[in-house]
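The next block holds one structure in the form of structure tokens; read it before the comments.
The values are calculated or read from the model by the stated rules, or taken from the named source; none is laboratory data. Everything quoted here is computed from the prediction, not taken from an experiment. We place every Cβ from the backbone using ideal geometry, glycine too, and count neighbours over all the protein chains shown.
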Amino acid sequence: MSETTNFEAAAYTALGTPRDRVALPGTTFDGTVNLPVMHQAVKAYLANQRQGTHATKTRRWVVGGNQKPWKQKGTGRARQGSTRAPHFVGGGTVFGPQPRSYEQTLPKGVKALARKSALNARAREGALLVIDRFAFDTPKTTQVAQLLARLELLGRKVLILTDGHKPMVYLSGRNIPNVRISAYSDVTTYDVVWSDVVLVEAGAIGQALAPVTESAAGPVKVKKAPAKAKAPKAEAKGAKAAPAKKAPAKQAAAKAAAKPVAKPAAKKAPAKKAAKKKGE
């Protein structure tokens, strides 16, 4: 699928302040989306991640079974030479997996076309955003987390592409769930397909955005999903535990109130009978 289109993307500062939309370069973002090539590239990438160290033992490597289990004739059973044959329990495996390489190689042109198609697909969806410049002096996870919070991207799969290798940006975002950081030149088709939103640094796509003077934005409160899930459980436990504690107290009070009433009645009865006997 190929259509000559001039794509534009929303632009933001590193603090999340909106800027004017940016025109994406036509050399890369020309509307080409080749699904078969993307599938081939993703399949090759996943295959190359396999170690291929699986192995099963044939009857040659299984311990034991050197002695003939029973004599050749006279038992009425079939002749057997070893208990490590494949049809015995504990025997060897026939045609089992053995260590091998799963490596798949693709031509450079196919890789480039697949990567270009993946980026075009994100641009078509409006899921490609441009960040003017990542200038982190020290690694700080809060900086990346606040940017994602202001762009309302927390909880989504975000791919951040920087202009060249920037260790400070990588160290700032590596601990955030569902966030991957890579140099624009090193990104793979699988990374782009995996993501929901792609944040690209302006310099990586050949755009030079002038710096914008902006005041430091106030921190955005980041609510964690696990805290919300645990809160109702804690309330439910507290609600169930309260009646359980009150019930024994009520029963003890009722028993304590009943005992003093019953004992005096039992003691007074013998005293009255004794007085009547003395009067007679």
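Side notes on the structure shown:
- Residues that are under 30 Å from Phe134 (Cβ atoms), aromatic (Phe, Trp, Tyr), in the same structural domain as Leu153 (by TED's automatic domain parsing) and not in a helix (DSSP H, G or I) do not occur anywhere in the range 37-45.
- Qualifying residue in the range 10-24 (condition: without any contact (Cβ under 8 Å) to a residue 60 or more places away in the chain and surrounded by 15 or more Cβ atoms within 10 Å (Cβ to Cβ)): no
- Boolean, Thr32 is modelled with pLDDT under 95 and surrounded by 12 or more Cβ atoms within 10 Å (Cβ to Cβ): yes
- Among the residues listed as Leu113, Leu147, the single one being in contact (Cβ under 8 Å) with a residue 40 or more places away in the chain, assigned to a helix (DSSP H, G or I) and under 27 Å from Gly26 (Cα atoms): Leu113
- Against the conditions (1) in a loop (DSSP other than H, G, I, E, B); (2) out of contact with any strand residue (DSSP E or B) (no Cβ under 8 Å at 6 or more places or on another chain); (3) within 19 Å of Ala9 (Cβ to Cβ); (4) not basic (Lys, Arg), Phe134 satisfies every one except (2).
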